[in-house]
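Only one structure is covered here, and it is reproduced in the block below.
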Amino acid sequence: MSTTVGLISLGCAKNLIDSEVMIGHLAEAGMALTPDPELADVLIVNTCSFIDMAKQESIDAIFGAVDARKEDPERERQKIIVAGCLSQRFAKELPGIMPEVDAFIGLDQITKVAPVIRNLMEGHPASNKIEGPAATDDPRDYVTLKPRYVPDYSTPRMRLTPDHYAYVKIAEGCNHTCTFCIIPKIRGQHRSRTQESVFKEVEALVKSGVKEINLISQDTTYFGMDKWEGKRPNPSSPVDSSRGESLTSLLRQINTIDGDFWVRLLYTHPAHWSDELIQTIAECDKVAKYVDIPLQHISDRMLIAMKRVTSGDYIRDLLRRMRAGIPDLGIRTTFIVGFPGETQEDFEELLEFIREFRFERAGVFQYSKEEGTRADKMDGHIHHMTRKSRWSRAMKQLQVIAGETNQAQVGKKVKVLVEQPGVGRTHWDAPEIDGSVMVDKDLPVGQFAELTIGDWRGYDLVAAR
């Protein structure tokens with residue numbers, strides 16, 4: 001009788017791909033999958049721990065699973081595995097804090113989850129520990145301290161997204177050392193896939209009927225640069241595809257694939273943009289005229305404190321070149337308010353920057369104090385009420401701009417990907433992040449439609465009938 005496995009996947013799209021890889025390997029190993037935790041012999045909780053809210057959600061999900069097992073006699077023998085960023089980040093602490101959990105697996109073990117489960121079901125998890133240096137001597141711990149894994153085209157994977165869109169992870173890890181971010185300590189240094197591997201995956205997805213490809217990594221614009229011959233480029237180096245594979249060469253190759261689809265760029269870092277990349281996006285008709293570029297701040301003081309390796313003048317100049325070089329471009333960005341040492345003057349400069357550049361899509365986060373980051377130990381932490389007040393003011397400004405942006409779309413004809421009955425997205429709208437377009441319910445799901453915008457409501461557009 002095969003083992004039945006359930007999965008709870010938390011966090012970002014990068015974590016979702018890890019979940020897809022795990023269940024792909026489980027299916028290949030002949031294990032049954034169930035969406036119902038109550039029916040699972042083994043329940044995997046794939047966790048996130050980027051900020052406090054994500055960490056708390058992961059902890060709640062773990063203890064929720066543990067409590068449900070205690071309360072239901074039918075689940076008494078169920079095994080619980082904790083995977084993902086929380087497991088990787090707190091590898092040394094979790095076995096002692098959560099003795100009820102049967103195994104912890106790290107980011108390098110997602111392809112080896114099937115043997116971990118077999119060991120658990122056979123009752124001897126310590127007999128075949130996963131290869132590599134373990135974080136602790138606890139037999140329930142399969143976490144290697146420094147992740148090295150990167151997915152490949154041949155990696156078994158079972159998609160959890162709708163049929164019409166998919167995420168493609170083009171690299172793993174990050175070489176930046178932003179003082180507020182724990183990701184490099186969790187996921188390791190930047191590791192690009194080969195361009196051919198990514199191309200084959202995208203080509204296969206398009207042939208299967210996928211209409212939207214979302215390219216993701218911790219730092220999408222650094223793709224390929226870690227493999228350039230000679231000295232490894234500084235994280236602030238601009239793209240130069242003549243030195244080897246890069247995001248520009250990847251996009252141009254993807255643009256040769258036959259089919260009606262668009263490819264979207266998520267998680268680009270401002271330091272690696274170049275005129276060559278701008279020109280590539282403008283010239284490639286399959287590349288959505290949408291760029292996700294988290295800027296975090298505009299004040300030089302804050303950018304230095306955050307170690308963003310960019311300046312306010314650099315960012316302003318880059319944005320102007322992007323707007324001038326890419327017609328009909330939609331820019332999505334995010335900002336952090338209340339970072340340690342942020343003055344009222346820094347914040348006012350940010351507000352003025354938002355008013356000046358009028359981003360088509362944007363969000364604001366209050367600074368989250370994360371243990372293990374350099375910002376955690378900085379002086380000048382901002383009172384939580386001040387952080388909240390600044391967040392509220394910035395969000396109100398963004399809401400005003402969003403309304404004006406949507407009003408400007410009224411009367412325009414746009415290409416919409418129908419997401420579900422009555423709901424679609426424009427090329428300015430990434431899945432589960434941005435707004436939607438209310439469309440006729442009889443339009444086929446997963447297909448494109450050319451529609452005229454007739455109205456708007458909040459962050460969403462309404463197609464004319």
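Things worth noting here:
- Karplus-based coupling profile of the range 371-376, in residue order and whole Hz: 4, x, 9, 5, 5, 4, with θ = phi - 60° in 6.51 cos²θ - 1.76 cosθ + 1.60 and x standing for Gly or Pro.
- Extension gain, Thr334 to Glu348: 0.36 nm times the residue separation minus the Cα-Cα distance gives 3.4 nm.
- Beyond 27 Å in Cα-Cα separation lie the following of the pairs Lys55/Lys200; Lys146/Lys307; Lys112/Lys169; Lys14/Lys185; Lys70/Lys388; Lys211/Lys307: Lys55/Lys200; Lys70/Lys388; Lys211/Lys307.
- Inter-label distance, nm, simple model (7 Å from Cα along the C-beta direction), Met378/Ala449: 4.7 nm
- Read-out Rg and Dmax of the Cα atoms in Å, derived from the coordinates shown; its label in (1) 22.8, 66; (2) 22.3, 62; (3) 20.6, 64: (1)
- Computed FRET value (nearest 0.05) for Arg320 with Thr34, which takes r as the C-beta separation and R₀ as 60 Å: 0.70
- Likely footprinting exposure, Ser274, Ser208, Ser19, fewest C-beta neighbours within 10 Å first: Ser208, Ser274, Ser19
- Placing dummy labels 7 Å off each Cα toward the beta-carbon, the span from Arg252 to Lys185 is 4.1 nm.
- Volume per residue of the C-alpha convex hull in the range 188-329, rounded to whole Å³: 111 Å³
Rule-based calculations on the coordinates, nothing more; no lab input. This is a predicted model, so every value here is computed, not measured. With ideal geometry, Cβ positions are generated from the backbone for all residues, glycine too; neighbour counts draw on all protein chains shown.
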